[in-house]
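A.B. asks: Have a look at this one.
The values are calculated or read from the model by the stated rules, or taken from the named source; none is laboratory data. Quantities reported herein were computed from a predicted structural model and do not represent experimental measurements. Neighbour counts run over all protein chains shown; Cβ positions are idealised from the backbone, glycine included. Accessible surface is based on the protein model in full, side chains and every heavy atom, while ligands, DNA and RNA are left aside. Shrake-Rupley method; radii C 1.70, N 1.55, O 1.52, S 1.80 Å.
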Amino acid sequence: ELDKIDEKSFDRLLEKLEKDDLATIIYTSGTTGEPKGVMLTHENFTSNILSISRGLPILPTDRSLAVLPLSHIFERCVFYVLCSNGVAIHYCASFDQLAAMLPEVRPTVMTAVPRLFEQVYHKIVKKGMAAGGWKTRLFEWALQVGQDYWTAKEEQGRVSAALAAKHALASRLVFSKWRAGVGGAIRFFVSGGAPLSKKLSYAFWAAGIPILQGYGMTEACIVSANRPEDNKTGSIGTPFAGVEIKIAEKDGEILIRGRNVMQGYYNKPEETAKAIDEEGWYHTGDVGYQDQDGHFYVTDRLKDLFKLSNGKYIAPLQVESLLKQSPLISQPVVVGSGRKQVGALVVPDWDALKQTLEDEGISAKGTKEELCENPHVVKRVQKDAVEFTRELAEYERVKRVYLLPREFSIDKGEMTPTLKIKRSVIDEKYEEAIDEICGS
């Protein structure tokens, strides 16, 4: 009957709506169990729209390119915010079409998940390193200047005149091509859904492509974000107006309170009571901390933390964000629960790995399955894993890797629809491999 409702009837229906009326039910991804229906009200969304619009500089002249599905709470909330601010939204059907659409749409603001930035970064690095001769040396120099520039700016609060001059030259000769590759008009990206490594963040900021990391979940919409004028790489920023965040003294869990928090789980009153306490704090299941400047950080999921046989706790998300910095690693899953040491199941970036093997004189012949069994190939990927986790405590470092020929997928039950790894599934499916690299 909805197609028979005229404009006046629709307006009358709108007038009857109350702020606490149910607007939608979105099911959680089910990383730690059965998916639950999250009941979100009209006030959950409208309060979020207003607070984000006040917190980020979104203009009616902006253009956006959407690549995430609207079933994802991040993209759903962003859609509402952009619409309410008069922003033109263009839709990209798949990641494969993104590279072609960026220069066509020339977005000024855009949201994405870290996986996208990691893929873009690795493609840029691969192209720069393959150029050869002075072009590769120039590219490597620009990357290092970019890291030095943003390290000095963020950690010391100042940049020397000499380093600023080097950065300006790197921007003109190298980073200008990065900006053109994303359309040449980006004011800022907003990243959510998983941690983004400092090295990758610094590279994009150095290129004049700001990435503002944010934080949210289906149960509480968008909670916080860095701001263009107040960004701390690695943090989830500060909460938007009307949203409270605090860290539980007992276990470091992140708690959230505000009009953005869900009404509850559909037909699951007991689950709702576990998630939202008597004071209205939603227990996120994430672990984190707040720094002296008021910025919050997520270190891992409470249920993802695991203990080695020596009693030491490991936060796998932190370790995985470091591994993703390697151009040879496409998808890493850190493992070792109850074992002697930390290991990683790794799906390589096969193009980058084969090129590196050839450059270093290691045979890259054979199928992906055969290369996964080749000790020389395993050793080369393991070298990067060890190198990129060197900054961690000794017991947290990845000691050995096990290579897998194909990426983890939703179809195989290894990932959720929002591209989060189902660790319990991985632990069970690859138990023998984990025993091999971590010790039983």
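A.B. asks: Can you tell me which of 218-224, 61-67, 318-324 comes out highest on packing, and rank the rest after it, using the mean Cβ neighbours within 10 Å?
C.D. replies: Descending mean neighbour count gives 218-224, 318-324, 61-67.
A.B. asks: How far is helix 161-170 tilted, in degrees, relative to the longest principal axis of the Cα atoms in the chain, given as a value from 0 to 90 rounded to the nearest 10?
C.D. replies: It works out to around 90 degrees.
A.B. asks: Tell me, what is the 1.4 Å probe accessible area of Ile52, in Å² to the nearest 10?
C.D. replies: 10 Å²
A.B. asks: Same structure again: Please give, to one decimal in nm, the separation of the simple spin-label points placed at Leu169 and Gln147, each 7 Å out from Cα toward the Cβ.
C.D. replies: The two pseudo-label positions are separated by 2.0 nm.
A.B. asks: What is the distance, in nm, between label points placed 7 Å from the Cα along the Cα-to-Cβ direction at Ser84 and at Asp6?
C.D. replies: Simple spin-label model gives 3.1 nm for this pair.
A.B. asks: With contacts defined as alpha carbon pairs under 8 Å and 6 or more residues apart, what's the relative contact order of the chain in percent?
C.D. replies: Contact order relative to length: 13 percent.
A.B. asks: Considering only Cys77, Ser171, Ala66, whose Cα is most displaced toward the positive end of the charge dipole of the chain, charges sitting on Cβ of Lys, Arg (+1) and Asp, Glu (-1)?
C.D. replies: Of the listed residues, the answer is Ser171.
A.B. asks: Within the set of other residues whose C-beta is less than 10 Å from the C-beta of Cys221, count the net charge using Lys and Arg as +1 and Asp and Glu as -1.
C.D. replies: +1
A.B. asks: Please give me, ordered by residue number, the trypsin sites (Lys or Arg not before Pro) of the range 205-294 that lie in loop per DSSP and have at most 12 other Cβ atoms within 10 Å.
C.D. replies: Lys250
A.B. asks: Across the range 211-252, how large is the tail of the calculated P(r) beyond 13 Å, expressed as a percent of all Cα pairs?
C.D. replies: That fraction is 57 percent.
A.B. asks: If you line up the long axis of helix 133-151 against the longest principal axis of the chain, both from Cα atoms, how many degrees apart are they, to the nearest 10?
C.D. replies: 50 degrees
A.B. asks: I would also like to ask the following. Under the rule a/c < 1.5 gives rounded, and otherwise a/b versus b/c splits prolate from oblate, where does the range 225-323 land using the Cα gyration tensor?
C.D. replies: It is oblate, given that a/c is not under 1.5 and a/b is not larger than b/c.
A.B. asks: Then there's this: Nearest 20 debye, what's the magnitude of the dipole of the chain about its Cα centre given +1 on Lys and Arg Cβ and -1 on Asp and Glu Cβ?
C.D. replies: 1580 debye
A.B. asks: Can you work out the Karplus-derived ³J(HN,Hα) for every residue in the range 227-238? Use 6.51 cos²θ - 1.76 cosθ + 1.60 with θ = phi - 60°, whole Hz, and x for glycine or proline.
C.D. replies: Karplus values, whole Hz, x for Gly and Pro: 10, x, 8, 8, 10, 10, 4, x, 9, 9, x, 10.
A.B. asks: Sequence-distant or interchain residues sharing an amide H contact under 5 Å with Phe306, placed H: which?
C.D. replies: Under 5 Å from the amide H of Phe306 lie the amide H atoms of Ile314, each far enough along the sequence or on another chain.
A.B. asks: Distance between the C-alpha centers of the range 351-429 and the range 229-248? Whole Å please.
C.D. replies: 33 Å
A.B. asks: Okay, moving on. What is the helix-to-structure angle for 350-359, meaning the angle in degrees between its Cα long axis and the longest Cα principal axis of the chain, kept from 0 to 90 and rounded to the nearest 10?
C.D. replies: Once rounded, one gets 20 degrees.
A.B. asks: Tell me, in nm to one decimal, what length is gained between Lys177 and Ile247 on full extension, where the rule is 0.36 nm per residue of separation less the Cα-Cα distance?
C.D. replies: Going from the current span to full extension adds 21.0 nm.
A.B. asks: Oh, and also: Calculate the spin-label point distance for Lys365 paired with Glu154, positioning each point 7 Å from the Cα along the beta-carbon direction, and give it in nanometres.
C.D. replies: 4.5 nm
A.B. asks: Would you pull out the residues with amide H under 5 Å of Val223's amide H, same chain only if 5 or more places away, H placed 1.01 Å from N?
C.D. replies: Tyr215, Gly216, Met217
A.B. asks: While we're on this one: At a Förster distance of 22 Å, what's the computed FRET efficiency of Leu59 paired with Arg227, Cβ-Cβ distance as r, to 0.05?
C.D. replies: Efficiency, rounded to the nearest 0.05: 0.90.
A.B. asks: Using the crude model of +1 on Lys and Arg Cβ and -1 on Asp and Glu Cβ, and no other charge, please compute the dipole size for the range 50-207 relative to its Cα centre, in debye to 20.
C.D. replies: I would put it at about 400 debye.
A.B. asks: For Tyr402, which sequence-distant residues (separation of 5 or more, or a different chain) have an amide H within less than 5 Å of its own amide H, given hydrogens modelled in the peptide plane?
C.D. replies: Distant-sequence amide H within range of Tyr402: Ala344, Leu345, Val346.
A.B. asks: A further question follows. I'd like the Karplus ³J(HN,Hα) series for the range 201-214: coefficients 6.51, -1.76, 1.60, θ = phi - 60°, whole numbers in Hz, and an x wherever there's a Gly or Pro.
C.D. replies: 4, 4, 4, 5, 4, 5, 7, x, 10, x, 10, 9, 7, x
A.B. asks: Just need the relative contact order of the range 306-440 here, percent rounded to a whole number, with Cα pairs under 8 Å and 6+ apart.
C.D. replies: 27 percent
A.B. asks: Shifting gears a bit: Grab the other residues whose beta carbon is less than 9 angstrom from that of Leu308, score K and R as +1, D and E as -1, and report the net.
C.D. replies: So the surrounding residues net to +4.
A.B. asks: Using the Karplus curve 6.51 cos²θ - 1.76 cosθ + 1.60 with θ = phi - 60°, work out ³J(HN,Hα) for each residue of the range 83-100 in order, rounded to whole Hz, and write x for Gly and Pro.
C.D. replies: 4, 5, 9, x, 7, 6, 10, 10, 10, 10, 5, 7, 4, 4, 8, 4, 4, 6
A.B. asks: Mind running the shape call on the range 324-440? Use the C-alpha gyration tensor, a ≥ b ≥ c as the square roots of the eigenvalues: rounded below 1.5 for a/c, prolate if a/b tops b/c, oblate otherwise.
C.D. replies: oblate
A.B. asks: Please state the relative contact order of the range 15-153 as a whole percent: Cα pairs under 8 Å, 6+ residues apart?
C.D. replies: Computed over the range 15-153, the figure is 18 percent.
A.B. asks: Taking the Cα centre of the chain as the origin and placing charges on Cβ (Lys, Arg +1; Asp, Glu -1), which of Ala100, Phe240, Leu138 is farthest toward the positive end of the dipole?
C.D. replies: Leu138
A.B. asks: Counting helices only, and only those DSSP H runs with n ≥ 4, report the 222 nm mean residue ellipticity of the chain as the sum of -39,500 (n - 2.57) divided by its residues, in deg cm²/dmol to the nearest 500.
C.D. replies: Using -39500 (n - 2.57) per qualifying helix, the result is -11000 deg cm²/dmol.
A.B. asks: Could I ask something else about it? Provide the gained length on full extension for the span Lys340 to Tyr27, in nm with one decimal, where the gain is 0.36 nm per separating residue minus the Cα-Cα distance.
C.D. replies: Length difference between fully extended and current span is 109.0 nm.
A.B. asks: State whether the range 44-156 is rounded, prolate or oblate according to the following rule on the C-alpha gyration tensor (a ≥ b ≥ c being the square roots of its eigenvalues): a/c under 1.5 gives rounded; otherwise a/b larger than b/c gives prolate, and the remaining case gives oblate.
C.D. replies: prolate
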